[in-house]
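S.K.: Okay, handing you the structure first.
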Amino acid sequence: MDLSVIAGGIMIAFGALAAGIGNGVLFSRYLEGIARQPEARGTLFGQAMVTLGLVEALPIISIAFGLLVLFGVI
Amino acid sequence: MEITPKIKFLGLTFDVTVMIGTLVTAILVLILVLAATRGRSMRPRGMQNVMEMVLEFIQGITQMMLPPKKAAKYLSFAVTVFLFVFIANELGVIVMVTSEVHKPIAWLGLTKQALESAKGEVSWFKSPTSDINVTVAMAFAIALYAHFAGLFKSPRRYFGHYFKPYALMFPLHIIDELAKPTTHAARLWANIFAGEVLILILRNGLPYLTGIPLMAWIGFSLFVGAIQAYIFTVLAMVYISQKIADEDH
């Protein structure tokens with residue numbers, strides 16, 4: 001069996017795992033912030049979305065390279 | 001995966017889809033901005049409203065990131081970057097142009113083997129930001145500009161900052177300066193590339209994948225494209241402001 005399939009699978013799996021942990025921490029803190037100060041919901045939502053974009057970047061880089069490995073481009 | 005036509009010229013390989021994509025995006029941005037600023041009035045209507053909203057949105061970024069005197073100077077640059085990246089991201093999700101090619105076309109790099117492996121399906125349009133060369137070029141151009149802006153502002157401070165707070169930190173500063181444009185480029189490219197590949201997989205996949213999951217993913221891709229355009233602009237402004245900021249800032 002071609003080992004690149006396993007390599008790509010591992011890269012995508014760990015990317016998803018890391019993104020799950022990161023987003024979990026981010027949004028649990030976001031909900032805590034809303035629970036403490038419900039009137040700050042609007043500003044917190046914008047900040048949370050921007051941080052989501054920053055957090056999501058590193059796992060998605062891993063996933064993109066995983067897809068490249070999976071399809072045998074590199 | 002589909003194959004893309006490529007041109008070999010002077011030993012370099014040019015991807016035709018990326019060139020078409022960049023051209024279409026640039027022309028669309030030009031048309032959009034020209035249409036929005038035709039017949040401006042004090043009471044904005046229609047497109048002018050949208051463009052004013054975008055301008056004020058980007059003005060928020062520049063005023064947040066840059067010293068007040070510099071914010072107005074970099075506004076047009078930030079708006080250009082934002083509009084180009086945003087339109088490019090969204091076009092890649094919405095537009096898709098493929099054709100079936102049966103005869104090999106040598107000068108476009110469509111050989112018989114490549115056509116057979118892709119079942120004759122050739123892609124003619126993709127988001128320029130889903131190609132790593134485009135984003136790397138953009139990110140390194142911004143980084144180069146930031147370095148020169150810092151150098152011309154005050155050479156002594158520019159070189160001094162590499163040895164702060166200790167001279168031993170010099171290697172770390174070099175790694176930092178190289179990592180910034182690399183992650184800046186990879187962040188945008190990876191998001192858009194992974195999104196487009198997943199759309200292709202869902203489209204060509206099993207029948208139960210092409211309905212609701214594809215629609216949900218396209219919706220998420222539109223959202224990610226907007227967020228990444230915003231983050232690309234914010235990071236560009238952050239990297240420039242780090243170099244040109246005053247000492248007391």
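What follows draws every value from the coordinates through simple rules; no lab data is involved. Owing to the predicted nature of the structure, the values given are computational and were not obtained by experimental measurement. Quick reminder, even Gly has a Cβ in these numbers, built from the backbone with ideal geometry, and neighbours come from all protein chains shown.
S.K.: What residue among B:GLN48, B:GLN59, B:GLN228 has the largest mean-square fluctuation in a Gaussian network model of chain B, using Cα springs under 10 Å?
M.R.: Looking only at B:GLN48, B:GLN59, B:GLN228, the largest GNM fluctuation is found for B:GLN48.
S.K.: Now for a different question. With no solvent and one point per C-alpha, what does the Debye sum give as log10 I(q)/I(0) for the protein assembly as shown at q = 0.07, 0.10, 0.16 Å⁻¹?
M.R.: With no solvent term, the Cα-only Debye profile gives -0.35, -0.72, -1.52.
S.K.: Something else about it: Treating cross-link reach as a plain straight distance, find the lysines whose alpha-carbon is under 16 Å from the alpha-carbon of B:LYS70, omitting any fewer than eight places away in the same chain.
M.R.: Qualifying lysines at Cα under 16 Å: B:LYS153, B:LYS243.
S.K.: Under 17 Å Cα-Cα from B:LYS126, which lysines qualify once same-chain neighbours fewer than 8 residues away are excluded?
M.R.: B:LYS6
S.K.: Just need log10 I(q)/I(0) for the stretch B:81-232 at q = 0.11, 0.18 Å⁻¹, Debye formula, equal scatterers on the alpha-carbon atoms, no solvent, rounded to two decimals.
M.R.: Reported log10 I(q)/I(0), two decimals: -0.61, -1.08.
S.K.: Here's a follow-up. State which helices in chain B qualify, where a helix is a whole DSSP H run, it must extend 15 Å or more along its own axis by its Cα atoms, and its mean Kyte-Doolittle hydropathy must be at least 1.6.
M.R.: B:16-37
S.K.: Give me a single rounded figure for B:191-199: the average over its residues of other chain Cβ atoms within 10 Å of their Cβ.
M.R.: Mean number of neighbouring Cβ atoms from other chains: 4.
S.K.: Counting other Cβ atoms within 10 Å, keep those with at most 12, restrict to DSSP loop, and tell me which chymotrypsin sites (Phe, Trp or Tyr not before Pro) in the stretch B:120-194 are left.
M.R.: B:TYR166
S.K.: Oh, and also: Connecting C-alpha atoms closer than 10 Å in a GNM of chain B, tell me which of B:THR22, B:THR129, B:THR182 has the biggest fluctuation.
M.R.: Checking each option, the largest mean-square fluctuation is seen for B:THR182.
S.K.: Exposed loop trypsin sites (Lys or Arg not before Pro) only (DSSP loop, at most 12 other Cβ atoms within 10 Å): please give the longest stretch of chain B free of them, not including the sites. Numbers along the way, then the final one.
M.R.: Details: sites that count: B:ARG38, B:ARG40, B:ARG45, B:LYS119.
With trypsin sites (Lys or Arg not before Pro) excluded where exposed in loops, chain B gives B:120-249 as its longest stretch.
S.K.: What's the average, rounded to a whole number, of partner chain beta-carbon atoms within 10 Å of each residue's beta-carbon in B:137-145?
M.R.: Numbers: counts 0, 0, 0, 0, 0, 0, 0, 0, 0.
So the per-residue partner count for this stretch is 0.
S.K.: Quick one: among B:ILE174, B:ILE27, B:ILE192, which has the greatest mean-square fluctuation in a GNM of chain B with alpha-carbon springs under 10 angstrom?
M.R.: Largest GNM mean-square fluctuation: B:ILE174.
S.K.: What do you get for the angle between helix A:3-36 and the principal long axis of chain A? Use alpha-carbon atoms, 0 to 90 degrees, nearest ten.
M.R.: 0 degrees
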